[in-house]
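What follows is a set of notes on a single structure, which appears directly below.
Quick note: the coordinates plus some simple rules give every number you see, no bench work behind them. Keep in mind that this is a model prediction, so the values were computed, not measured. Reconstructed Cβ throughout: ideal geometry from the backbone, glycine too, with neighbour counts over all protein chains shown.
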Amino acid sequence: MSGKERVVFLDRAAFTADDLPIPRFDHNWSEYPETEPADVVPRLFWATTAITHACPIDAGMIGQLNKLKRIVVTGTAVVDKAACEARDITVHRPSAAGVPGQILITLLEELSGPFNS
C-alpha cells in the first residue's frame with residue numbers, strides 16, 4: 001500500500017462541484033453522495049482522513065478503522081470524540097458554519113503535510 005493520504009468524503013452531496021473541487025495535494029480521493037451507517041466502515045476501512053457532513057461515526061465504527069488518523073466534520077455529524085481520543089484520531093470542526101469548500105480544501109492541504117514529508 002502506498003504512503004499517500006487516503007481521503008474519503010462520506011456525504012459529498014452537501015457540496016456542489018463548484019463549491020468543493022478535489023484538493024491538489026498528492027492523495028487518493030473517494031467520495032459518496034450519501035453513506036448509510038452500515039456502509040461507514042467499508043468505505044473508511046483504508047482511509048487516513050474521513051470527511052463527514054451529516055453522517056455519524058460512532059465508537060463501534062472507530063474501533064474498526066485502523067488507518068484513520070483524522071476526521072473533518074463540515075456540518076452536523078456526530079462523531080464519538082472519546083473513541084477518537086482513545087485511538088489518537090483527531091477531529092477537526094472548521095469554525096465556519098456550512099464550511100465553504102475553499103476553507104475545507106485549505107484545511108485538508110494543511111493536514112496532509114505529515115503524510116507527504
Can you give me the distance in nm between label points at residue 4 and residue 85, each placed 7 Å from the Cα along the Cα-to-Cβ direction? 3.5 nm
Once both label points are put 7 Å beyond Cα along the C-beta direction, the residue 28-residue 92 separation in nm becomes 2.0 nm
